[in-house]
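Enquirer: Take a look at the following structure, please.
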Amino acid sequence: MGKESLRDHLDGKELDLSLSNLTKVPVRELAALPKATHLDLSCNQLSSLPENFSSLTHIVKLDLSKNSLTCLPENIGNLHSLQHLDLLGNQLEHLPISFANLRNLRWLDLKDNSNLDKDLKKVAGDCLDDKQCRECAKRVVAYMSDIQKELENQQQKKVEKEKKKAAARERKKEAQRKEKQLQKQLERQRKTEEYEAAIAAKRLKEEKKERKNAKGAQKANGVQHTPVKAKSGTSCLVVFITLFVTLVALSLGIYFFCESDKTNVLCVDLHWAVDSVVTTAKDWTQQLRDKLAS
């Protein structure tokens, strides 16, 4: 059905396409007639409406009664200008959630949809006169709005739940990453300690080998270590010589003192002391000689 053909059915704002044996709605041609705000598609053979039907936002009054519609487009709520909707005598079971967006809807008839959801049918009521049909529109839009809010709440809860799960997965991944990083650090530390221990063991082995080689070289060259006893004997010799020199110096001093003052009473005792020192020095000297000789 072309645009010109549609104009033949146009009377002011009303476009009457009823009883036209339509199986499809000519949406493109209807969109080209924005003045046709009242559209009558009743008594046709429509089983469904195309998704782009919601692009006919200029429609104010829509009659779809006595067709075979089992469902409406999910985006039916885009028909923001729609005020009057007749769905009498179809096979609808449910209404799309977006039906809640038809805020300007003032008249609705859902009678004779035998498969209609029981709760929705109860909310819609009988719609036997204009007043009841107006109440029907009001109640059904409110009912669908509640369902929409409930679904939005459920969706929000689902989103929040997914966010929590994602956050938990992220925390788990972060914990695993840190644990893996810690394991790598411990592994590096272990390898470093093993390397340092191996180097220390190798160095100790080399030092032992060097000492062993040095001892072998000394034995091969006939080098003898100076006994500890010899070192001790040398120290004793130094001590004896020091004492001997001290005693001799002391004796000479006393001797010259007494020679210069023979009348001094102390000189007698001192002569005796000097003789004792000289005798002792001689004895020590002899002992030292014997010790060195041995």
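Enquirer: Quick check: net charge around residue 37, other residues with Cβ under 11 Å of its Cβ, Lys/Arg +1 and Asp/Glu -1?
Expert: +2
Enquirer: With a sphere of radius 14 Å drawn around the Cβ of residue 154, what net charge do the other residues whose Cβ falls strictly inside it have (Lys, Arg +1; Asp, Glu -1)?
Expert: -1
Enquirer: Assign one of three labels to region 14-76, namely rounded, prolate or oblate, based on the Cα gyration tensor with a ≥ b ≥ c the square roots of its eigenvalues; rounded applies when a/c is under 1.5, prolate when it is not and a/b is larger than b/c, and oblate otherwise. It would help to have the intermediate numbers written out before the result.
Expert: Numbers: a/c = 1.67, a/b = 1.17, b/c = 1.43.
Oblate, because a/c is 1.5 or more while a/b does not exceed b/c.
Enquirer: Stokes-Einstein diffusion coefficient for region 1-123 at 10 °C in a medium of 1.306 mPa s, Rh from the Kirkwood formula over Cα pairs: what value in µm²/s?
Expert: Details: Rh = 14.5 Å.
Estimated via Stokes-Einstein, D reaches 109 µm²/s.
Enquirer: Can you pull the semi-axes for region 154-223, root of five times each eigenvalue of the Cα gyration tensor, sorted largest first, whole Å?
Expert: 67, 4, 4
Enquirer: Can I ask one more? How big is the dipole moment of region 121-193 about its Cα centre under a simple scheme where the beta carbon of each Lys and Arg is +1, that of each Asp and Glu is -1, and everything else is neutral? Debye, nearest 20, please.
Expert: Here the size comes out at about 860 debye.
Enquirer: Also, quick follow-up: Taking +1 at the Cβ of each Lys and Arg and -1 at the Cβ of each Asp and Glu, which of 105, 132, 201 sits farthest along the dipole of region 93-210 towards its positive end, judged by Cα position relative to the Cα centre?
Expert: 201
Enquirer: Accessible area per residue for region 19-138 in Å², computed with a 1.4 Å probe and the full protein assembly in place, what is it?
Expert: Value for region 19-138: 50 Å² per residue.
Enquirer: Hey, could you grab the Kirkwood Rh for region 116-180? Inverse mean 1/r over distinct alpha carbon pairs, Å, one decimal.
Expert: 15.3
Enquirer: What's the ranking of 6-17, 145-156, 70-81 by average number of surrounding C-beta atoms within 10 Å, highest first?
Expert: Top to bottom by mean Cβ count within 10 Å: 70-81, 6-17, 145-156.
Enquirer: Here's another thing I want to ask about it. What FRET efficiency comes out for residue 146 versus residue 9 if R0 is 35 angstrom and r is the Cβ-Cβ distance? Round to the nearest 0.05.
Expert: The calculated FRET efficiency here is 0.35.
Enquirer: Something else about it: Please get the size of the charge dipole for region 64-170, origin at its Cα centre, with Cβ charges of +1 on Lys and Arg and -1 on Asp and Glu, quoted in debye to the nearest 20.
Expert: 480
Enquirer: Could you give the radius of gyration (one decimal) and Dmax (whole number) of the Cα atoms in region 53-202, in Å?
Expert: For region 53-202, the Cα radius of gyration and maximum Cα-Cα distance read 30.9, 107 Å.
Enquirer: What does the accessible area of residue 250 come to, in Å² to the nearest 10, when a probe of 1.4 Å is used?
Expert: So the heavy atoms of residue 250 present about 100 Å² to solvent.
Enquirer: Give me the accessible area per residue for region 155-215, probe 1.4 Å, as a whole number in Å². Don't jump to the answer; show the numbers that get you there.
Expert: Details: 6090 Å² over 61 residues.
Counting only protein heavy atoms, the per-residue value for region 155-215 is 100 Å².
Enquirer: Where a Cα-Cα gap under 28 Å defines reach, which lysines qualify for residue 157, not counting those fewer than 8 residues away within the same chain?
Expert: 118, 149, 165, 172, 173
Enquirer: Let me ask you something else. Quote the charge dipole size of region 1-130 about the Cα centre in Debye, to the nearest 20; the model charges only the Cβ of Lys and Arg (+1) and of Asp and Glu (-1).
Expert: Charge dipole of region 1-130: 280 debye, to the nearest 20.
Enquirer: Let me ask you something else. Given a 1.4 angstrom probe, I'd like the percentage of the accessible area of region 56-117 that is carbon and sulfur, rounded to a whole number.
Expert: Answer for region 56-117 is 43 percent, counting heavy atoms of protein chains only.
The values are calculated or read from the model by the stated rules, or taken from the named source; none is laboratory data. Note that the structure is a prediction, hence the values are computed from the model and not measured. Ideal geometry is used to build each Cβ from the backbone, glycine not excepted, and the neighbour counts take in all protein chains shown. Only protein heavy atoms, including side chains, enter the accessible area calculation; ligands, DNA and RNA are left aside. Shrake-Rupley method; radii C 1.70, N 1.55, O 1.52, S 1.80 Å.
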